[in-house]
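Here the structure is laid out as structure tokens; the discussion comes afterwards.
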Amino acid sequence: WRGELFNRRKDGSEYLEDASINPIRQPDGSITHYLAVKEDITERRATEAALAESEDKFRSIYDTIGDAIFVHDVASGSILDVNGGACRMYGYSREELLSLDVQGITADDPAFPPQAARDYMRRVQEEGPQSFEWMARGSSGRQFWVLVNLQIFRLSGGQRVLAVVRDIDGRKRAEQELQQALAEAKALNQRLA
């Protein structure tokens, strides 16, 4: 038998133990004794519960953040993890995003070739954190401007890229409208002058 059970110490306090109980058999097959190996696992279970609570808290915060967060493998470029913000921003489920690569979420117009993404990955490795604007594409085909912040970190023995992505489409559209209004005002001033 193997299992976990609560036991009592001499002072009456309870503790959780992992127990393994095996019969000791004689040559004729009869059982004369049992060997019990026990380990106090109270502290380990408390640590595991605290870690699980911390992970739940982290995941809750991670998924609630409005910005999209992607974790990419440096070697393959594949997406290893995304937060809820990425799912909401791009309109894909977590599983769908994990099956895509950077080109799968990049707009076609203006074109951002795969080499541009590789260049940014190389620069973040050689020069450190990078920020740049990029045209993204969501699951519906909607294309929108994003601000991408890249940074390298180590996780599970490998180099990873943390990409924090903010939707700046509204700002970019407002800038374009302002530029157009300024150009029209300048043209009007030139005609009136």
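The values are calculated or read from the model by the stated rules, or taken from the named source; none is laboratory data. On a predicted model such as this, the values are computed, not experimentally measured, just so you know. Note that each Cβ is placed from the backbone with ideal geometry, even for glycine, and that neighbours are counted across all protein chains shown. Accessible surface is based on the protein model in full, side chains and every heavy atom, while ligands, DNA and RNA are left aside. Shrake-Rupley method; radii C 1.70, N 1.55, O 1.52, S 1.80 Å.
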* Unmet criterion (only one of (1) under 22 Å from R154 (Cα atoms); (2) charged (D, E, K, R); (3) part of a strand (DSSP E or B)) for E126 -> (3)
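Residues to consider are S60, S93; find the one that is within 14 Å of the chain's Cα centre (by Cα), surrounded by fewer than 16 Cβ atoms within 10 Å (Cβ to Cβ), at pLDDT 90 or above and farther than 23 Å from K172 by Cβ.
On the way: S60 fails: at pLDDT 90 or above.
After ruling out the rest, the residue left standing is S93.
For the range 1-15, check the following and say yes or no: at least one residue is hydroxyl-bearing (S, T, Y) and touching a helix residue (DSSP H, G or I) at 6+ places or on another chain (Cβ under 8 Å). Lay out the reasoning, then the answer.
Start the filter on the range 1-15 by keeping residues that are hydroxyl-bearing (S, T, Y), which leaves 13, 15.
After this cut, where a residue has to be touching a helix residue (DSSP H, G or I) at 6+ places or on another chain (Cβ under 8 Å) as well, the list is 15.
Yes, the range 1-15 contains a residue that is hydroxyl-bearing (S, T, Y) and touching a helix residue (DSSP H, G or I) at 6+ places or on another chain (Cβ under 8 Å).
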* Would you please list the contacts, defined by Cβ atoms under 9 Å and residues six or more apart or on different chains, that run from a residue in the range 1-15 that is closer than 13 Å to K38 by Cβ to a residue that is of a type in the set (K, R)? => E4/R45; N7/K38; Y15/R8; Y15/R9
* **Filter result for S140 (surrounded by fewer than 11 Cβ atoms within 10 Å (Cβ to Cβ) and under 14 Å from the mean Cα position of the chain (by Cα))** => no
* Structure fact -> The lone condition P27 fails out of (1) in contact (Cβ under 8 Å) with a residue 12 or more places away in the chain; (2) in a loop (DSSP other than H, G, I, E, B); (3) open to solvent by 80 Å² or more (accessible area, probe 1.4 Å) is (1)
* For Y34, are the conditions met, namely being more than 30 Å from W145 (Cβ to Cβ), touching a strand residue (DSSP E or B) at 6+ places or on another chain (Cβ under 8 Å) and either open to solvent by 100 Å² or more (accessible area, probe 1.4 Å) or of a type in the set (S, T, Y) (or both)? -> yes
* To do: Kindly indicate whether G3 is exposed (fewer than 10 other Cβ atoms within 10 Å of the Cβ) and assigned to a strand (DSSP E or B).
  => yes
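Take the range 150-170 and flag every residue that is without any contact (Cβ under 8 Å) to a residue 24 or more places away in the chain and under 21 Å from F132 (Cα atoms).
In the first step, residues of the range 150-170 are kept if they are without any contact (Cβ under 8 Å) to a residue 24 or more places away in the chain; the result is 153-154, 156-157, 170.
Within the range 150-170, F153, G170 qualify.
So which of M135, M121 ends up being over 16 Å from the mean Cα position of the chain (by Cα), surrounded by 14 or more Cβ atoms within 10 Å (Cβ to Cβ) and assigned to a strand (DSSP E or B)? Walk me through how you get there before you give the answer.
On the way: M121 fails: assigned to a strand (DSSP E or B).
Exactly one residue qualifies, and that residue is M135.
One line per residue, one yes/no per condition, for (1) out of contact with any helix residue (DSSP H, G or I) (no Cβ under 6 Å at 6 or more places or on another chain); (2) open to solvent by 20 Å² or more (accessible area, probe 1.4 Å); (3) assigned to a strand (DSSP E or B); (4) farther than 23 Å from Q176 by Cα:
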site: E55; (1), (2), (3), (4): yes, yes, no, yes
site: H72; (1), (2), (3), (4): yes, no, yes, yes
site: A75; (1), (2), (3), (4): yes, yes, no, yes
site: G104; (1), (2), (3), (4): yes, no, no, yes
site: R154; (1), (2), (3), (4): yes, yes, yes, yes
site: Q159; (1), (2), (3), (4): yes, yes, yes, yes
site: V164; (1), (2), (3), (4): yes, yes, yes, yes
* Structure fact -> Only unsatisfied item for Q115, checking (1) touching a residue at least 12 places away in the same chain (Cβ under 8 Å); (2) open to solvent by 60 Å² or more (accessible area, probe 1.4 Å); (3) under 27 Å from R142 (Cβ atoms), is (1)
* **All positions within the range 77-90 that are assigned to a helix (DSSP H, G or I), more than 13 Å from G138 (Cβ to Cβ) and open to solvent by 40 Å² or more (accessible area, probe 1.4 Å)** => none
